[in-house]
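Encoded as structure tokens, the structure appears first; notes follow it.
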Amino acid sequence: MTQDILKNNSSSRAVEEIKNHLDIVDTVSEHVVLKKTGKNFWGLCPFHKEKSPSFSVNPEKGIFKCFGCGAGGDSISFLMKINSSSFWETIVALAQKFGIELPQSGVSSQTTEIKTDIVKLNKEAADFYKKLLLDSPDAALAREYLSKRNINNEIIEKFNLGFALNSFDSLIKHLLNKKYSNELLFQAGLTSEKTNGNGYVDRFRNRIMIPIQNEKGDFIAFGARSLSDAQQPKYLNSPESLVFSKSRSLYGIYQAKEEIKKQDSIILMEGYFDVISAHVNGITNAVATLGTALTEQHIKIIAKYSDSRKIYLAFDSDEAGIAATNRGAEIIKSAFLGLGEIKRFDESFSDSAKSEDRTICEIRVITTNSGKDPDEFLRTEGVESYKKSIENAPLLIDYQINRLIGMKNALNSPQDKANLSKEIIPLLTEINNLIIRNEYIKLVAEKLGISQEAFNTEVKKSLQKVASGQRKKEGLSSSLNKENKDILAQKNLLSLYFLNTEKITPLCINNYLKEVNFTDNNFKLLKEKISEIINEINDPDRLFQELLKNFTENEAIKKILADLIYCVNDKKELSFDSIEKYIIDHINYLKTFEITEIRNKLRDEYYENNNNDETSIRNQQKVKELIEKRKTGLNILNDKIN
């Protein structure tokens, strides 16, 4: 599609309909963990690295603004930036998502069409595999394997489990008969190229098929388990594709999301059958990563379904599982960093506490001390034993400290104790509550048999290092984000149009700003549009929405509009007289700045002309004219006020 399409009235209406379907908080929440503070939501910016949240979402205006990197705009702006897509690529994708018809232009998003086709193809393949599992004599061994795990037809239907025949082309033949192409099958990861490069074969053969669905229920990929030890690898997954990314997908999320909301908690496991066994036994808020480490994208998915962000880590209890638990915990903490406290102690908050005052996240670790993964534990020890493990799951910090302290029998020297202390200290420096931190310091010192005073001193040293490093980073960030004073002054004046107060109207502001020379081209464009529509729309909220509509494809101006809304917040309590003084001061500054800039330019021109007296006289006259012009402008402004 091209920009010309926007000039078509039906196209413009379709874009407006799409925008009406978008909720800025829902849109951003798919990529950013948000916390409500006052009227706005805050989170860590997805467009630059930061540890303190500077990314704000304003649901009332439908905009976002990052005070760190300066990104800003509406929902479409966010999706364009996060997906590195053009305006019309984003519109086409959203139109398909919401079932909104766009006028045909002969141009469409090929990538979007392929994604849609792959999802349909995967659904067709999943149905084919499931029918084979339920009906084919060749699937007898697969049915027996599942039956031993108490996986009945109800669970098969719930997870759409299936079976791939021990054939090189059974799926290919079936899907080609359905008019799908070999090329699409390969793009979806359902086939592999023959070793001689001449044609394709079924990727999955003689395996239990485990379809992977996204949050909406779309079939995006497959996992497959072998039925014999001789067949390797034990688990084979679809390759990543246009619709499937391991780092952004969680197995079982579609089946578990409603229960996660209901229980306000989620259990993170490692394997397909860990999740399936959990659901078989009525533990239906369990999901799993897909053969990859936990990522921040996974956590952002989880955050949408659990308000309290209560996360249970249920990884294997071997060394690899312990490492995965620690890595996963760090990813979770990183995702929520700066948004609030991770829960560090087991006392409950009072019912009267405000939700925003509570901890932003609660991480617990399910330990069975049996060395068994959740699937095996549930089958051998029973669901009641596992539920007790969930009930008694320690907080992450207790799990980590207890595991390290459990190594104290191997401490044979003061150096061993010092080394172990160094491993524990970073855990304690994350605790902001001084009372809780001191209690842990006391506990650890007693357990390790070391001086509490000395241990406390080492913790304080570590805290000072952390604080010093943070101050340096904040200072650097502050210096990088300074804005030219003249641009800031122009922005401050433009923001007054959106000063939602009875004290002064946008039309009145427009009269004051007629004499202002806006130097930024986008500021000029915005001011011209405001002057054009101000007589018809003299309401700040309606004016803002009309401007968003008029500049729907202009990302630079939408960013400016977001800046102006956040910029006006500190002016809402000003009196009428204070607003007038504010305007005069800014206009005065801008006119002085303009004269200074021109004077400097004329001075440079004088030196370039080798101190030519004739040039000097001419330039001095220009400066005098500018000063007179400035005085006249201020007199006109004062006359308006008086």
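Look through segment 408-450, keep the residues that are open to solvent by 90 Å² or more (accessible area, probe 1.4 Å) and among the acidic types (D, E), and return whichever of them is farthest from K333 (Cα to Cα). Out of the qualifying residues, it is E446.
Only residues that are out of contact with any Phe, Trp or Tyr (no Cβ under 9 Å at 6 or more places or on another chain) and open to solvent by less than 60 Å² (accessible area, probe 1.4 Å): list them for segment 523-537, please. F523, S531, I533, I537 - these are the residues of segment 523-537 that are out of contact with any Phe, Trp or Tyr (no Cβ under 9 Å at 6 or more places or on another chain) and open to solvent by less than 60 Å² (accessible area, probe 1.4 Å). Considering the conditions (1) farther than 23 Å from D375 by Cα; (2) not in a helix (DSSP H, G or I), H174 is excluded by exactly one of them, (2). So for segment 323-345 (the condition being among the aromatic types (F, W, Y), at pLDDT 90 or above and surrounded by 15 or more Cβ atoms within 10 Å (Cβ to Cβ)), does at least one residue qualify? No: zero hits.
Here the strands (runs of 3 or more DSSP E) wholly within segment 24-87 that include at least 2 residues being open to solvent by 10 Å² or more (accessible area, probe 1.4 Å) are 35-37, 40-43.
Might you check whether a residue that is polar (S, T, N, Q), over 19 Å from L378 (Cβ atoms) and modelled with pLDDT of 95 or more occurs anywhere in segment 238-246? Within segment 238-246, one or more residues are polar (S, T, N, Q), over 19 Å from L378 (Cβ atoms) and modelled with pLDDT of 95 or more. Quick check, is N182 farther than 17 Å from I212 by Cα, open to solvent by 30 Å² or more (accessible area, probe 1.4 Å) and out of contact with any Phe, Trp or Tyr (no Cβ under 9 Å at 6 or more places or on another chain)? When the stated conditions are applied, N182 does not pass them.
Among the residues that make up segment 116-124, is at least one of them in a helix (DSSP H, G or I), among the hydroxyl-bearing types (S, T, Y), over 17 Å from Y272 (Cα atoms) and at pLDDT below 95? Within segment 116-124, one or more residues are in a helix (DSSP H, G or I), among the hydroxyl-bearing types (S, T, Y), over 17 Å from Y272 (Cα atoms) and at pLDDT below 95. When segment 556-573 is filtered for residues that are of a type outside the set (F, W, Y) and open to solvent by less than 50 Å² (accessible area, probe 1.4 Å), the ones remaining, listed by number, are A556, I557, K558, I560, L561, A562, D563, L564, I565, C567, V568, K571. For beta carbons closer than 9 Å, sequence separation of 6+ or different chains, a first residue in segment 99-118 that is more than 22 Å from L242 (Cβ to Cβ) and open to solvent by 30 Å² or more (accessible area, probe 1.4 Å) and a second that is at pLDDT 60 or above and outside any loop (DSSP other than H, G, I, E, B), the qualifying pairs are E101/A14; E101/A95; P103/S11; P103/A14; S105/S11. Pairing residues of segment 75-91 that are farther than 21 Å from K65 by Cβ with residues that are of a type in the set (V, I, T) and in a helix (DSSP H, G or I), at Cβ distances under 7 Å and at least 6 apart in sequence or on separate chains, gives I91/V15; I91/I18. For segment 318-326, the count of residues that are under 15 Å from the mean Cα position of the chain (by Cα) and not in a loop (DSSP other than H, G, I, E, B) is zero.
Under the condition of being outside any helix (DSSP H, G or I) and either closer than 17 Å to K461 by Cα or out of contact with any helix residue (DSSP H, G or I) (no Cβ under 8 Å at 6 or more places or on another chain) (or both), the residues counted in segment 397-447 number 7. Only one residue in E483, E453 is of a type in the set (D, E) and modelled with pLDDT under 90. Which one? Of the residues listed, the single one that is of a type in the set (D, E) and modelled with pLDDT under 90 is E483. Among residues of segment 564-575 that are touching a residue at least 60 places away in the same chain (Cβ under 8 Å), those with a Cβ under 7 angstrom from a residue that is assigned to a loop (DSSP other than H, G, I, E, B) and open to solvent by less than 50 Å² (accessible area, probe 1.4 Å), sequence gap 6+ or separate chain, pair up as I565/K61; V568/L499; K571/L499; K572/L499; K572/T501. In this entry, G371 passes the filter for residues that are at positive phi and either surrounded by fewer than 18 Cβ atoms within 10 Å (Cβ to Cβ) or touching an Asp or Glu at 6+ places or on another chain (Cβ under 9 Å) (or both).
Residue count for segment 451-464 satisfying the condition of being within 27 Å of C361 (Cα to Cα) and open to solvent by less than 70 Å² (accessible area, probe 1.4 Å): 4. Candidates are the residues of segment 301-322 that are in contact with an Asp or Glu (Cβ under 6 Å, 6 or more places away or on another chain) and open to solvent by less than 30 Å² (accessible area, probe 1.4 Å); the one that is nearest to L268 (Cα to Cα) is F315.
Only one entry in I584, I534, I504, I595 is within 30 Å of G38 (Cα to Cα) and either at pLDDT below 90 or hydrophobic (A, V, I, L, M, F, W, C) (or both), namely I504. Tell me whether segment 192-200 contains one or more residues that are among the β-branched types (V, I, T) and in contact with a helix residue (DSSP H, G or I) (Cβ under 9 Å, 6 or more places away or on another chain). Checked against the condition, which is being among the β-branched types (V, I, T) and in contact with a helix residue (DSSP H, G or I) (Cβ under 9 Å, 6 or more places away or on another chain), segment 192-200 yields no hits at all. Does any residue of segment 193-201 turn out to be within 35 Å of the chain's Cα centre (by Cα) and free of Cβ contacts under 8 Å to residues at least 60 places away in the same chain? Looking through segment 193-201, none of the residues is within 35 Å of the chain's Cα centre (by Cα) and free of Cβ contacts under 8 Å to residues at least 60 places away in the same chain.
Do the conditions hold for K262, that is, is it among the charged types (D, E, K, R) and within 24 Å of the chain's Cα centre (by Cα)? Yes; evaluated as a whole, the condition is true for this residue. Every condition in (1) in contact with a Pro (Cβ under 9 Å, 6 or more places away or on another chain); (2) in contact (Cβ under 8 Å) with a residue 24 or more places away in the chain is met by F41 except one, and the failing one is (2).
Per-residue answers, yes or no, for (1) closer than 19 Å to G189 by Cβ; (2) open to solvent by 10 Å² or more (accessible area, probe 1.4 Å); (3) assigned to a loop (DSSP other than H, G, I, E, B):
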site: R225; (1), (2), (3): yes, yes, no
site: L236; (1), (2), (3): yes, yes, no
site: P239; (1), (2), (3): yes, yes, yes
site: Q255; (1), (2), (3): no, yes, no
site: L290; (1), (2), (3): yes, no, yes
site: I299; (1), (2), (3): no, no, no
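Every listed requirement among (1) over 15 Å from Y512 (Cα atoms); (2) open to solvent by less than 10 Å² (accessible area, probe 1.4 Å) is met by I587 save one, (1).
The values are calculated or read from the model by the stated rules, or taken from the named source; none is laboratory data. None of these values were measured; they are calculated from a predicted model. In this analysis, Cβ positions are derived from the backbone assuming ideal geometry, glycine residues included, and neighbour counts consider all displayed protein chains. Surface accessibility is based on the protein's heavy atoms, side chains included, excluding ligands, DNA and RNA. Shrake-Rupley method; radii C 1.70, N 1.55, O 1.52, S 1.80 Å.
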